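The values are calculated or read from the model by the stated rules, or taken from the named source; none is laboratory data. Keep in mind the model is a prediction, meaning the values are calculated, not measured. We place every Cβ from the backbone using ideal geometry, glycine too, and count neighbours over all the protein chains shown. To get the accessible areas, we keep the full protein, side chains included, count just its heavy atoms, and leave off ligands, DNA and RNA. Shrake-Rupley method; radii C 1.70, N 1.55, O 1.52, S 1.80 Å.
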Amino acid sequence: MTSAGRGRGSTRVVGVALSPEALVVAGARSGDGRMTPRRLTLEPMNGGNGVEWPALRVAFAELAGTLGGSGARLAVALLPPLAEVRRLELPPMRDEELRQLLARSATRYFVGVRGSAVVGSSSAPRRARAALARGTAAPGAVGAAAPARLIAAIHGAARDAGLAIASISPAEGAWAAAAAAFWPSAGRGAFHLLVTHDDRTDLLLLEDGRLAGVRHFRAGAADAALVADALRPAAGAAGAAGAAGASGIVRAAAIGRAEPKRELARALGSHGLALAPAGAEWAEAADAPSLAAALFAGPDAAPLLVSDEVRAERRVEARRATRFIAGTAAALALLAAAFEFWGVQRELGAVQAQRAALRPQISSTLVGRTTVETAFRQLASLRAAERTAPDWAGILAALSEHVPEDAFLTAFRGRGDSVVVDGLAAHAARVFDAIERTPGLTGVRAAAPVRREAPSGGGAMEHFTIAARRTAGPAERAPAGARANASAARGPAAAPARALP
């Protein structure tokens, strides 16, 4: 619903109903609940190919002054005969394909169209398409047409007055939208709306609140029997579906001029048909078709009449809006990236500051760790040296066991796998043989000639120097700890018992 006092977004949308003789502007409700519509008388639009309507320009300028200047948007409903609406029995097609078909053949489908026309269409409601799929009904569509020069004149007059056109639609679409507000049940299933005028009666068929068909009859009760025949099939279908109440109650209502409406209601009553009354809130609008059309003009009053020029402008605006949105999205992405980079740099600075604060502690810890690692390396070297060192104690123990009792060792030298011993004995040959039999030694030889010496206070003895090569015996091949344990087990008794006096 549109009104002069109601806003949509940042600008107001004002509903107007346009006829050849007048412009009706929807008004807001006053303190006593009454509507205050405004009617501006117009001179008819000149014939010919002109696209100007001077009287409409003046009326729009006056309306702009009343609304407080420019910036308002108008939702225009074209009253008959400015626009023609009819039901079309066509194969199913998309809305754009239907519009193009009507635009190419407007004079074929619309009787009152002469020359170029602006057309609009409204496809069948979903329930009707479902019925078609079941094979029980034809879908149909509603088409509308108005002279192209009239549409151009409306846009030009609004532009000169500093106003903008939000939508242009036939009054039948606005009346269908009004029915859904006056009678909420009209938005469900099939519903018939009678619109009474001084010169005719319009019968609108609504499917799920959308305009699905239009029929015209003579004014008042002149065609009451025909109207009753048109309503009865709907009453029977509603009764079969359970949507209607008791017998004789149909889903139908009437708006329009009071006297023709009362006359038609009495005539339909004689045929056993009753019309639903409008609520008190909408009583005034229900008695004035032009006011109802002005109140409910807008994008919901399908079918809409949109000229090719307006479509081109909307495409340009859509592309401009798309580019603006894309640019804005790119700018926001860059801004987000900049904020992310700034956040990363700030976190990096904080981490670097924390690392600088911890560096002295870490340095001292690293020094201590280096000292410990050096000690461990030295211990490892000692363990390796201990494992690889020759078992000199074992060799000395073996020599002490095998050297004869009358022999004395005065020196012992070992290097690598070489062993050299010096000593005195009564017979050096026995010592040579004993060392040769000693386990762990091989390659026994005399390293120097045997000499006879006489130690002080004793008899003459032979001085010998014997060299040998050490072999890896069982004692050396054993682990270092085992060798140490073996040496400890032998104790002092395994040491040489003889010494040089």
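The GluC sites (Glu not before Pro) of region 63-101 meeting both criteria, a DSSP state outside H, G, I, E and B (loop) and at most 14 other C-beta atoms within 10 angstrom of the site's C-beta, are Glu89. Residue order by solvent-accessible surface for His216, His271, His192 is His216, His271, His192, largest first, with ligands and nucleic acids left out and a 1.4 Å probe.
Accessible surface calculations at 1.4 Å, restricted to protein heavy atoms, place region 287-342 at 64 Å² per residue.
Of the whole protein surface, Ile362 contributes about 90 Å² of accessible area at a 1.4 Å probe radius. Of the residues Asp95, Asp300, Asp202, Asp406, the one with the largest accessible area comes first in the ranking Asp300, Asp95, Asp406, Asp202, computed with a 1.4 Å probe on protein heavy atoms.
On the beta carbon distance between Ser105 and Glu52, with R0 = 35 Å, the FRET formula returns roughly 0.80. Estimated at the nearest 10 Å², the accessible area of Thr322 is 90 Å² with a 1.4 Å probe.
With a Förster radius of 56 Å, plug the Cβ-Cβ distance of Gln345 and Ala61 into 1/(1 + (r/R0)^6) and report the FRET value to the nearest 0.05. The computed FRET efficiency comes out at 0.40.
Of Phe376, Phe110, Phe412, the order by accessible heavy-atom surface (1.4 Å probe, DNA, RNA and ligands excluded), from most exposed downward, is Phe376, Phe412, Phe110. In a DSSP loop and with at most 11 other Cβ atoms within 10 Å, the GluC sites (Glu not before Pro) in region 387-472 are Glu405. Listed values for region 159-164 are Karplus-derived 3J(HN,Hα) couplings in whole Hz (6.51 cos²θ - 1.76 cosθ + 1.60, θ = phi - 60°), namely 5, 5, 8, x, 10, 10, and x replaces Gly and Pro.
The heavy atoms of Val13 offer some 10 square angstrom of accessible surface to a 1.4 angstrom probe. Between amide H atoms placed 1.01 Å from N, distances below 5 Å from Ala190 occur with Asp208, all of them 5 or more places distant or on a separate chain. Count the net charge of all other residues whose Cβ sits under 14 Å from the Cβ of Thr322, scoring Lys and Arg as +1 and Asp and Glu as -1. Charge balance in the 14 Å sphere: +4. Spin-label model, Arg87 to Thr328: label points 7 Å out along the Cα-to-beta-carbon direction sit 4.5 nm apart.
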